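Asks: Attaching a single structure in structure tokens format; questions to follow.
The values are calculated or read from the model by the stated rules, or taken from the named source; none is laboratory data. Since the structure is predicted, the reported quantities are computational estimates derived from the model, not experimental observations. Note that we place each Cβ from the backbone using ideal geometry, even for glycine, and neighbour counts take in every protein chain shown.
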Amino acid sequence: SRGQNAVFAWTRIITPKWLNEARFAYYRDYFLFGAVLPGTNYLQQAGITGFEQTQLSPSFPLITLSGYSGFNGSGSNSLPKANRIRTWQYTEDLSFSSGKNDVKFGVQLYHQTHGFFNGQSQEGQFAFTTNYTGNSFGDFLLGYPNSVFRAYPLALYGNYANQWAAYIQDDYRITHNLTVNLGLRWAHNPFFNGINGQTSALDYATGKVVIPTTSSGALLDPIPQPETPLLLPLFKDRLIGTNQLGLPQSIRRTGPGQWLPRVGFAWRPNGNDKLVLRGAYGIFDEYLDTNLTLQWAKVPPFEITQTVNNTVPAPSFTWANPFRGQPLVAPNSNPGQPCPGTSLVLLTCVQPNVFSAPGQLDQTYIQQWNFAVQTQLMSNLSLNLAYVGNKTTHEQLISVPDNVPSPGPGAIQARRPYPQWGQFSMGEMNGNGNYHALQVTLEKRFAGGYQLLASYTLSKCIDEGSNQSGPITVSFLSANRAVCDYNLPNNLTISSVYELPVGRGRALLGNTNRLLDAVLGGWELAGILTARSGLPFTPVISGDQANTGVGGQRPNLIGDPAAANQSPNMWFNPNAFAVPARYTYGDSGRNILTAEALIQLDMTLEKRFSLTEQRQLEFRAEAFNLANRATFAAPNATIGSTSAGIVTTTLNANRILQLALKLYF
């Protein structure tokens, strides 16, 4: 990794009332991540076939076993890979101050280019569940995977975008004790274009993938990926160009931009600082996450992936030959005739997975509001009470499964809504979320040798997918609405600093000699107490009980999940859940269980020793998790597993004691 950053700024006082600030910033970086155990063809050594086309740089594959740690090979992070980032930003702000008004307005130009090389999973991903022996390790020993994944590595791909914004804001002092803030921002954030025309959308009307083309129907770059000359003629019956649909080459039309108003106030009812009321409301835009837009390049003719799902209850293949001699992509062996086992007449009978997004997406925006009362209780003691809330609309969700059949018997592929494709991993912007919190802060400024800051938050967060993670299928969006993955109803933090009253000029030994004061005086004790609720988690089942090809399916809730005597050996009652009937989804909700609350005390004892007028030596004795209290992480939540409900890890570390010396000179 090597990052470089350059900033140029110019500040100019035009008149005593006018100030101009211009700023240009440029940033570039390059990251390189190596493969896991590269250079050895482990698949060939193990007699596993089907990866001869894709395995351009052999390394160790990814092997997952539900309920076990697995083997995190190169496929766990698409290794090897490289990221190349180039951004620049120009801002210009003009400020005007006159009487009761402080006005500021300006413009912003922002350019982003993100280029990548991605090893994908050229050496394969093998997933073992409990389908055949009741234990994923047993399935592994017999060589019966639940699914196997392979893909071509990707050469240079990525995206770029130019974004603009303008704003005006006025801080208006209506009276000596009332100030109103008024602002308006306009933001234009067009969707990213793909490097060398590598982007896509899904046309739900035809079931075809939309790709950028010239007016004559040609690709913008004839060979954006090494495999494009092979893939384009084989998938042209499932592709449609922007020229045929009358779309711009960016595919997604750019809207007129977003108007984002902001308003706020600060009021001192008594005309002094002992009581202050504050409030604000604003709408804010959000840049598209490149993790979402990068997925749009992962479609034929730029890239192809394939997942094969084993049959249940009897397996149809072992991991020695999961693709049964079939290449990742090849022409239909009987041109003009239906593909074997289907009624589809295709140029190639491969039905790959697709990473894409709808052709029309809404821009994300966030509404934020707050109201606070700040009061001075004593000369050095203040209390702040605040209500804080926000609402996210059109939240970004990445890799939401689509093209998923309804639960039922039979081959998954033939039952898909668009059987010419495998599973869609869709980038959606249809999530919604909200957050409400009561915040209480008590602060005692340092006086009398003591300082205190205590903060408590009572909150609730609800969404349909946290950290851009969505439901198990697009149709499950409403069923996924629950408390956020990071929901913490109660969060208390208390920090303090206390000068021990020992030594010269203090309550104890105030007249002691210098030698004794050097040893006993001047010590300072500080601590932080953290107490917060546990994080929520979701019970799941292993395998594909619904026979739809998606993971993360949930059990049925049939009883009270609370354990009678909660302990790390039985954090919740797994008997309150049941594996759903075959060909059905479970009815258990998301994030209905909660891990243990965190309570931790960290302490520091320190003292500075004066060596000379210019040199001091600081001694620190630090204790993290002083009480050595273990906070247990979420237990195994896989229903049907022998370890369901059992905690195996802790959230915090054991007590740590450390001594430190620091010399000041």
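Asks: Out of the residues in the range 204-235 meeting the condition of being among the charged types (D, E, K, R) and crowded, with 17+ Cβ neighbours inside 10 Å, tell me which one is farthest from ALA155 (Cα to Cα).
Replies: LYS208
Asks: I need the full set of residues from the range 161-197 which are in contact (Cβ under 8 Å) with a residue 60 or more places away in the chain and of a type in the set (Ser, Thr, Tyr), in order please.
Replies: Passing the criteria: TYR167, TYR172, THR179.
Each row is one residue, and each column tells you yes or no for (1) touching a Leu at 6+ places or on another chain (Cβ under 8 Å); (2) in contact (Cβ under 8 Å) with a residue 60 or more places away in the chain.
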{"position": "GLY279", "(1), (2)": "no, yes"}
{"position": "ILE283", "(1), (2)": "yes, yes"}
{"position": "LEU328", "(1), (2)": "no, yes"}
{"position": "PRO331", "(1), (2)": "yes, yes"}
{"position": "ASN334", "(1), (2)": "no, no"}
{"position": "GLY341", "(1), (2)": "no, yes"}
{"position": "THR348", "(1), (2)": "yes, yes"}
{"position": "SER356", "(1), (2)": "yes, yes"}
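Asks: Considering each residue of the range 647-665, count those that are in a loop (DSSP other than H, G, I, E, B) and either within 34 Å of the chain's Cα centre (by Cα) or aliphatic (A, V, I, L, M) (or both), and give that number.
Replies: So the answer is 8.
Asks: Which residue pairs have Cβ atoms closer than 7 Å, lie 6 or more positions apart in sequence or on different chains, and pair a first residue in the range 394-406 that is without any contact (Cβ under 8 Å) to a residue 40 or more places away in the chain with a second residue that is assigned to a strand (DSSP E or B)?
Replies: Cβ pairs passing all conditions: HIS394/TYR365; HIS394/MET429; HIS394/ASN430.
Asks: Filter the range 200-235 for residues that are assigned to a loop (DSSP other than H, G, I, E, B) and in contact (Cβ under 8 Å) with a residue 60 or more places away in the chain and give the result.
Replies: SER200, TYR204, GLY207, PRO224, GLN225, PRO226, GLU227
Asks: All but one of (1) over 31 Å from the mean Cα position of the chain (by Cα); (2) hydrophobic (A, V, I, L, M, F, W, C); (3) within 29 Å of SER469 (Cβ to Cβ) hold for VAL308, so report the exception by its number.
Replies: (1)
Asks: Conditions first: (1) in contact (Cβ under 8 Å) with a residue 60 or more places away in the chain; (2) more than 26 Å from ALA627 (Cα to Cα). THR530 passes all but one, so which condition is the exception?
Replies: (2)
Asks: So, one more: Output the residues belonging to the range 567-615 that are of a type in the set (S, T, N, Q) and out of contact with any strand residue (DSSP E or B) (no Cβ under 8 Å at 6 or more places or on another chain).
Replies: Hits for the range 567-615 are SER567, ASN569, ASN575, THR584, THR612, GLN614.
Asks: Cβ-Cβ below 7 Å, separation at least six or inter-chain, first residue in the range 363-388 and under 30 Å from PHE192 (Cβ atoms) and touching a residue at least 12 places away in the same chain (Cβ under 8 Å), second small (Gly, Ala, Ser) and part of a strand (DSSP E or B): which pairs?
Replies: GLN368/GLY282
Asks: LEU79 - would you say it is touching a Phe, Trp or Tyr at 6+ places or on another chain (Cβ under 8 Å), assigned to a loop (DSSP other than H, G, I, E, B) and loosely packed, with under 15 Cβ neighbours inside 10 Å?
Replies: Here the answer is no, as LEU79 does not meet what is asked.
Asks: Further question on the same structure: Need at least 3 residues that are modelled with pLDDT of 95 or more, surrounded by fewer than 22 Cβ atoms within 10 Å (Cβ to Cβ) and within 33 Å of the chain's Cα centre (by Cα) per element, so show me which strands (runs of 3 or more DSSP E) inside the range 88-196 make the cut, counting only ones lying wholly within it.
Replies: Output list reads 101-118, 154-175, 178-188.
Asks: Quick test of your reading of the structure: THR392 fulfils all but one of (1) crowded, with 18+ Cβ neighbours inside 10 Å; (2) more than 28 Å from LEU294 (Cβ to Cβ). Name the failing condition by number.
Replies: For THR392, the exception is condition (2).
Asks: Here is a further query. Considering only the range 457-471, state which residues are surrounded by fewer than 17 Cβ atoms within 10 Å (Cβ to Cβ) and farther than 17 Å from SER425 by Cβ.
Replies: If the condition is that a residue be surrounded by fewer than 17 Cβ atoms within 10 Å (Cβ to Cβ) and farther than 17 Å from SER425 by Cβ, then LEU458, LYS460, ILE462 are the ones that fit.
Asks: Then there is this: Only one residue in GLY39, GLY3 is of a type in the set (Gly, Ala, Ser), more than 30 Å from THR130 (Cβ to Cβ), assigned to a loop (DSSP other than H, G, I, E, B) and without any contact (Cβ under 8 Å) to a residue 60 or more places away in the chain. Which one?
Replies: Going through GLY39, GLY3 in turn, the sole match is GLY39.
Asks: Shifting gears a bit: Just to be sure I understand the filter: pairs with C-beta atoms under 6 Å, separated by 6 or more residues or on different chains, first member in the range 18-29 and under 17 Å from TYR110 (Cβ atoms), second member of a type in the set (D, E, K, R) and surrounded by 15 or more Cβ atoms within 10 Å (Cβ to Cβ). Which pairs pass?
Replies: Filtered contacts from the range 18-29: GLU21/ASP93; ALA22/GLU92; ARG28/ARG86.
Asks: List the residue pairs whose Cβ atoms are under 7 Å apart, where the first residue sits in the range 437-461 and is over 12 Å from GLY389 (Cα atoms) and in contact (Cβ under 8 Å) with a residue 40 or more places away in the chain, the second is among the small types (Gly, Ala, Ser) and in a strand (DSSP E or B), and the two are 6 or more positions apart or on different chains.
Replies: THR441/SER455; LEU442/ALA454; GLU443/SER382; GLN451/SER496; LEU452/SER496; LEU453/SER495
Asks: May I ask you to say which residue of ALA482, ALA454 is modelled with pLDDT of 85 or more and either surrounded by fewer than 16 Cβ atoms within 10 Å (Cβ to Cβ) or under 30 Å from LEU520 (Cβ atoms) (or both)?
Replies: ALA454
Asks: Something else about it: Sort out which residues of the range 317-357 are surrounded by 18 or more Cβ atoms within 10 Å (Cβ to Cβ) and over 21 Å from GLU52 (Cβ atoms), and write them in order of number.
Replies: CYS339, LEU346, VAL354, PHE355, SER356, ALA357
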